[in-house]
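Below you'll find the structure, written out as structure tokens, and then a few comments.
The values are calculated or read from the model by the stated rules, or taken from the named source; none is laboratory data. Keep in mind the model is a prediction, meaning the values are calculated, not measured. For neighbour counting, all protein chains shown are included, and Cβ atoms are generated from backbone atoms with ideal geometry for every residue, glycine included.
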Amino acid sequence: MNTILNSALTLTYNQLSTFSGLDNFWQVFDTAFGTQYNRSGAEILRLQWLSGDFSQVPQIEILDSNILGGANGAYASST
């Protein structure tokens with residue numbers, strides 16, 4: 001399962017790196033998120049993605065359903 005997760009994360013990071021370098025980055029970003037966002041914060045994310053820094057992306061962990069008490073999924077706002 002970790003191999004699948006690692007492959008998905010690698011693909012995601014590659015897509016974010018490519019996206020952050022697009023000439024029309026802000027046009028696409030505005031289409032997805034509108035224009036009422038913190039532009040400075042978004043620029044920081046863009047520069048991080050462009051440099052390959054994904055430390056701001058939350059960590060993902062896959063657990064057995066027995067650990068989750070039979071639940072199909074869970075999330076936490078902090079760890």
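Points to keep in mind about this one:
- Residue within the range 10-18 that is loosely packed, with under 10 Cβ neighbours inside 10 Å, at pLDDT 85 or above and not in a loop (DSSP other than H, G, I, E, B) present: no
- The range 19-55 - residue that is among the hydroxyl-bearing types (Ser, Thr, Tyr) and part of a helix (DSSP H, G or I) and, of those, surrounded by the fewest Cβ atoms within 10 Å (Cβ to Cβ): Ser40
- Leu63 being among the hydrophobic types (A, V, I, L, M, F, W, C) and over 17 Å from the mean Cα position of the chain (by Cα): yes
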